[in-house]
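Below you'll find the structure, written out as structure tokens, and then a few comments.
Any read-out appearing in this document is the output of simple, stated calculations on the displayed coordinates, not a laboratory observation. This is a predicted model, so every value here is computed, not measured. Here the Cβ positions follow ideal geometry from the backbone for every residue, glycine too, while neighbour counts run over all protein chains shown.
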Amino acid sequence: MDDYGPIWRFVLSALAVWRITHLLAEEDGPWDLVVRLRRALGDGFWGRLMDCFYCLSLWISLAISFWLASGWVEILLHWQALSGAACLLEKATTRAKNETAPGKISAP
């Protein structure tokens, strides 16, 4: 990965954080493995963590920031920046739950 500059490493890492977080929080996964894992974790701390994209993105980005950065200041900055980038990607790719279909007008 040394062929890429720091910006590309960050962009690729942000995409990876979004993808892994989205898989774990929002998707069933191959052979329904992820949804079975979420069910098995139940309503405890770990189960609630798997249900919240924003919470989970913090933990996924922390792991990747240890690999990406060197030194505590860089790790802390990358941790927050990667999670923030994943949250922005999630908002940009997710329709609002109360959004209507194209061409339809919603009642107030």
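What ranking do 63-73, 37-47, 79-89, 19-29 get when scored by the average of other Cβ atoms within 10 Å per residue, highest first? Let's see the in-between values first.
Working: 63-73: 14.2, 37-47: 11.9, 79-89: 19.7, 19-29: 16.5.
Going from most to least packed, we get 79-89, 19-29, 63-73, 37-47.
At what distance in nm do the modelled label points of C55 and V73 sit from each other, each positioned 7 Å from its Cα along Cα→Cβ?
3.3 nm
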